[in-house]
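A.B. asks: I am attaching a structure below and will ask some questions about it afterwards.
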Amino acid sequence: MLVITGTQRSGTTAVASLFAAEGFKIATQGRDEVGGYEHPNICSFYRYFLGDETFPYDDFPLPVESGFSDFWKLEDKIAKFSYLMMNPAFVHIWARIRPPEKGDKFLVMMRNTEAVCKSKEAHAKRFNHDSLLLQQPSDILRWNLNTSIRVLQQYEYPTAYLSFYDLTTQLEGLNKCLEKLDVSYRISDDTWKKVIDPSKVHF
């Protein structure tokens, strides 16, 4: 399973939108113009495991099943879970239930944490519903992101990193990441131009 992750407001929804525009089926639940494509079973599993009824946000619509087995059995080609790099404990939890031999590969979106927090502030009405675990100042978020990356590397999951800037200015970096992860699919130039508008400020 190719997992699109990083932190909130780092470009994960844009990447998921590119795959959706290419015709890939991506399980989705939740937000609107400021996010989407979060995998419902992954979010529900973490809500269940953490015992946090507000994770990832208090009005998240739960699917019928949300336990360990639903998460372990996932066989989607592509899944988005934008919160994984926001706490190293989340990575340890993932590895406990879906160890590297499950075959998961991670595309990690990278964005300056001050810009992430600024973007969340710009949409405060929506993000005020977040779990307290996700409401982090930029310095704490930066530490959590860097530590989470090291934990992911320690487990030796196949991982590629793409900056928010590269995603929103050119396509080459994304396809290089997909090549590094040894997945067969690529994003076409036509699709990238339809989904990404470099002339706009992406907040």
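The values are calculated or read from the model by the stated rules, or taken from the named source; none is laboratory data. Predicted model, so just to flag it, every value in this text is computed and none were measured. Reconstructed Cβ throughout: ideal geometry from the backbone, glycine too, with neighbour counts over all protein chains shown.
A.B. asks: Within the stretch 120-128, does at least one residue satisfy the condition of being more than 16 Å from Thr13 (Cα to Cα) and surrounded by 14 or more Cβ atoms within 10 Å (Cβ to Cβ)? Working first, answer last.
C.D. replies: Of the stretch 120-128, the ones more than 16 Å from Thr13 (Cα to Cα) are 121-122, 124-125, 128.
Applying the additional criterion that residues be surrounded by 14 or more Cβ atoms within 10 Å (Cβ to Cβ) yields none.
No: the stretch 120-128 contains no residue that is more than 16 Å from Thr13 (Cα to Cα) and surrounded by 14 or more Cβ atoms within 10 Å (Cβ to Cβ).
A.B. asks: Follow-up question, since we're still on this one. Working carefully through the options Val15, Val34, Val3, find the one that is in contact with a His (Cβ under 6 Å, 6 or more places away or on another chain) and either at pLDDT 95 or above or more than 23 Å from Ile97 (Cβ to Cβ) (or both). Outline the logic, then answer.
C.D. replies: Details: Val15 fails: in contact with a His (Cβ under 6 Å, 6 or more places away or on another chain); Val3 fails: in contact with a His (Cβ under 6 Å, 6 or more places away or on another chain).
Going through Val15, Val34, Val3 in turn, just one is in contact with a His (Cβ under 6 Å, 6 or more places away or on another chain) and either at pLDDT 95 or above or more than 23 Å from Ile97 (Cβ to Cβ) (or both): Val34.
A.B. asks: For Pro61, all conditions in the list (1) at pLDDT 90 or above; (2) in contact with a strand residue (DSSP E or B) (Cβ under 7 Å, 6 or more places away or on another chain) hold save one; what is the number of the exception?
C.D. replies: Only one criterion in (1) at pLDDT 90 or above; (2) in contact with a strand residue (DSSP E or B) (Cβ under 7 Å, 6 or more places away or on another chain) is unmet by Pro61, namely (1).
A.B. asks: With the requirement that a residue be in a loop (DSSP other than H, G, I, E, B) and surrounded by fewer than 18 Cβ atoms within 10 Å (Cβ to Cβ), what does the stretch 75-119 give you?
C.D. replies: Result: Glu75, Asp76, Lys77, Pro99, Gly103, Asn112.
Matching residues to (1) in contact with a Pro (Cβ under 8 Å, 6 or more places away or on another chain); (2) buried (at least 19 other Cβ atoms within 10 Å of the Cβ):
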| residue | (1), (2) |
| --- | --- |
| Leu141 | no, yes |
| Glu156 | yes, no |
| Tyr165 | no, no |
| Thr168 | yes, no |
| Thr191 | no, no |
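A.B. asks: To continue, here is another question. Of all residues in the stretch 154-185, which are hydroxyl-bearing (Ser, Thr, Tyr), in a loop (DSSP other than H, G, I, E, B) and either touching a Phe, Trp or Tyr at 6+ places or on another chain (Cβ under 8 Å) or under 28 Å from Pro198 (Cβ atoms) (or both)?
C.D. replies: Hits for the stretch 154-185 are Tyr157, Ser184, Tyr185.
A.B. asks: Exactly one of (1) under 20 Å from Met1 (Cα atoms); (2) surrounded by 14 or more Cβ atoms within 10 Å (Cβ to Cβ) is unmet by Ser69. Its number?
C.D. replies: The number of the failed condition is (2).
A.B. asks: Further question: Do you know which of the residues in the stretch 126-153 that are among the charged types (D, E, K, R), over 17 Å from Glu114 (Cα atoms) and in a helix (DSSP H, G or I) is modelled with the highest pLDDT? Steps first, answer last, please.
C.D. replies: Start the filter on the stretch 126-153 by keeping residues that are among the charged types (D, E, K, R), which leaves 126, 130, 139, 142, 150.
So of that shortlist, the ones also over 17 Å from Glu114 (Cα atoms) come out as 126, 130, 150.
Checking the rest, the ones that are also in a helix (DSSP H, G or I) come to 126, 150.
On the way: Arg126: 87, Arg150: 98.
Checking each candidate, the answer is Arg150.
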